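Have a look at the structure below, then the notes.
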Amino acid sequence: MEKRRVVVTGIGAVTPLGNNIADTWAAVRAGECGIDRITLFDTSDYAVKIAAEVKNFNLSDFGVDRKEARKMSRFTQFAVAAAVQAVSDAGFTKEAIAACKSGIVIGNGIGGFETMEAAYKKYFSAGNTRIPPLSVPLFIPNEAAANVSMLFGIQGASWTLATACASGTDALGLALDQVRSGRIDVCLAGGTEAAITGFGIGCFTVLQTLATSFNDDPKKASRPFDVRREGFIMGEGSGVLILEELEHAKKRGAKIYAEFAGYGSSSDAYHITSPRPDGSGGALAISRALDDAGIKPEMVQYYNAHGTSTPINDPAETRMVKSAFGEHAYKMKVSSTKSMTGHCVGAAGAIEAILGVKAMEDSFYPPTINLEEPDVEHGCDLDYVPNKGVPGEINCFASASLGFGGHNGCIVMKKYL
């Protein structure tokens, strides 16, 4: 049976670089960094004092009543804001998208950390009867998708996918399959995360995954593939794409950003936090995505890397890319936009997919900033577009995400012709 073709007709994002696509993309083109001192909690006794926060965010700016916004945790508010943007960008009204055979798939790695913290504090300080009544519906991961569903009146499937840092990418892959299969014609798909809290930063700090030496120079802290990298920088935000069956999109005269050509996934079956050192697990996800898309490795001009800026990830991912793309790995451009956005965990893959779409639309390769000396000793010797983005035609890009537990996902998108 021939696969139904799926296209991207709308995009929306809330990121550390801006609360909409235009501001975010302008910052990426300029090589700006969204990392700064943490303002969301007091870091006085923390080893890590920096993160990539979303700034000046107010859900009422996106047409959501303040009373309703108070019933949502931060990660849910981000998803709702990104969804509002994507739906509008796609040219849908609330009534029109609800009337379609539509659904929702949103990835989330952690849930409402700030709500959990507040509930625990009340529990331990005042007892179980003083826990805020809405704690559970505010912190459970599925509430982002649920609130998007309620806002737009979408009564199709509303799913949440949790595969740690691969959640956003895997959500896009699941949504692709749903539209291809004919179960739905339109899907709001993406990821969201908001884990910049005292507990969140504390957990990742004791796990020794965050950078601790750049508190006085936050803009330089995320430096994928560089010899001085020492850990990732926590980010937050959301990215939502409207995925639509091609004929459905054409019938309503929708703008088409890109064709979502393929998706692949795999599991490392190796370690709870570290990727396979040889990159074979991630390479399998990339190869499966290329096969699914019917794309040969040499047809990909740009690869948006997971690129976390950790000592372990970057060499392993470089091996993964070399394994999947062969000699072509040295001919295409590879960059990590996490150097600018930080690591947005469950939202990362969706945000990076959107940046890939914009890169293809604008014929511009985003940079890996802070790449002063590539870690050639550990094999990081590809073209990572160091420090400054460059113009160039992109007809096809791939983007991969690697999550704790060994979850690997990869998408392939191409220009719609």
Yes or no: the range 197-220 includes at least one residue that is within 16 Å of the chain's Cα centre (by Cα) and at pLDDT 95 or above. no
Output yes when any residue across the range 353-366 is touching a Gly at 6+ places or on another chain (Cβ under 6 Å), touching a residue at least 40 places away in the same chain (Cβ under 8 Å) and under 17 Å from Phe232 (Cα atoms), and no when none is. no
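Can you go through Thr39, Thr43, Thr24 and tell me which one is among the hydroxyl-bearing types (Ser, Thr, Tyr) and under 21 Å from the mean Cα position of the chain (by Cα)? Show your work before the answer.
On the way: Thr39 fails: under 21 Å from the mean Cα position of the chain (by Cα); Thr43 fails: under 21 Å from the mean Cα position of the chain (by Cα).
That would be Thr24, the only listed residue that is among the hydroxyl-bearing types (Ser, Thr, Tyr) and under 21 Å from the mean Cα position of the chain (by Cα).
Need at least 2 residues that are more than 26 Å from Leu246 (Cα to Cα) and out of contact with any Gly (no Cβ under 6 Å at 6 or more places or on another chain) per element, so show me which helices (runs of 4 or more DSSP H) inside the range 118-193 make the cut, counting only ones lying wholly within it.
Here the list reads 135-139, 143-152.
Have a look at Thr43, Thr24 and point out the one that is β-branched (Val, Ile, Thr) and closer than 20 Å to Ser335 by Cα.
Values: Thr43 fails: closer than 20 Å to Ser335 by Cα.
Result: Thr24 is the single residue among Thr43, Thr24 that is β-branched (Val, Ile, Thr) and closer than 20 Å to Ser335 by Cα.
Would you confirm whether or not the range 230-239 contains a residue that is under 30 Å from Lys3 (Cα atoms), in contact with a strand residue (DSSP E or B) (Cβ under 7 Å, 6 or more places away or on another chain) and open to solvent by 20 Å² or more (accessible area, probe 1.4 Å)?
Looking through the range 230-239, none of the residues is under 30 Å from Lys3 (Cα atoms), in contact with a strand residue (DSSP E or B) (Cβ under 7 Å, 6 or more places away or on another chain) and open to solvent by 20 Å² or more (accessible area, probe 1.4 Å).
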Being crowded, with 21+ Cβ neighbours inside 10 Å, under 30 Å from Leu174 (Cβ atoms) and among the aliphatic types (A, V, I, L, M) is the requirement here; does Leu138 meet it? yes
When you scan the range 55-76, how many residues do you find that are within 14 Å of Gly239 (Cβ to Cβ) and open to solvent by 10 Å² or more (accessible area, probe 1.4 Å)? 0
Can you work out which of the residues in the range 201-226 that are surrounded by fewer than 23 Cβ atoms within 10 Å (Cβ to Cβ) and among the basic types (Lys, Arg) is nearest to Glu32 (Cα to Cα)? Lys219
Can you go through Ala79, Ala52 and tell me which one is open to solvent by less than 10 Å² (accessible area, probe 1.4 Å) and more than 20 Å from Ser309 (Cβ to Cβ)? Ala79
Is there any pair with a first residue in the range 257-282 that is small (Gly, Ala, Ser) and a second that is open to solvent by 50 Å² or more (accessible area, probe 1.4 Å) and outside any helix (DSSP H, G or I) whose Cβ atoms are under 7 Å apart and which are 6 or more apart or on different chains, and what are they? Ala258/Lys414; Ala258/Lys415; Ala258/Tyr416; Ala261/Lys414; Ser267/His407; Ser274/Ile312; Gly281/Ser267; Gly281/Tyr270
Looking for whichever is out of contact with any helix residue (DSSP H, G or I) (no Cβ under 8 Å at 6 or more places or on another chain) and over 21 Å from Cys165 (Cβ atoms) here; the options are Asp216, Asp226. Which one fits? Asp216
Going through the range 240-270 one residue at a time, which ones are open to solvent by less than 20 Å² (accessible area, probe 1.4 Å) and hydroxyl-bearing (Ser, Thr, Tyr)? Ser266
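Can you tell me which residue among Lys333, Lys415 is crowded, with 22+ Cβ neighbours inside 10 Å, touching a strand residue (DSSP E or B) at 6+ places or on another chain (Cβ under 7 Å) and among the basic types (Lys, Arg)? Don't jump to the end; show me each part of the working.
Values: Lys415 fails: crowded, with 22+ Cβ neighbours inside 10 Å.
Just one listed residue meets the conditions, Lys333.
Out of the range 97-115, which residues are free of Cβ contacts under 8 Å to residues at least 40 places away in the same chain and farther than 20 Å from Gly153 by Cα?
Let us first name the residues in the range 97-115 that are free of Cβ contacts under 8 Å to residues at least 40 places away in the same chain, namely 99, 111.
Once the filter is applied, which keeps residues that are free of Cβ contacts under 8 Å to residues at least 40 places away in the same chain and farther than 20 Å from Gly153 by Cα, the range 97-115 yields only Gly111.
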Within the range 390-408, residues being open to solvent by less than 10 Å² (accessible area, probe 1.4 Å), assigned to a loop (DSSP other than H, G, I, E, B) and more than 29 Å from Ile110 (Cα to Cα) number 1
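The values are calculated or read from the model by the stated rules, or taken from the named source; none is laboratory data. The structure presented is a predicted model; accordingly, all values stated were derived computationally and were not measured. Please note: Cβ atoms are built from the backbone with ideal geometry, for glycine as well, and neighbour counts cover all protein chains shown. In case anyone asks, the SASA skips ligands and DNA or RNA and just uses the protein heavy atoms, side chains included. Shrake-Rupley method; radii C 1.70, N 1.55, O 1.52, S 1.80 Å.
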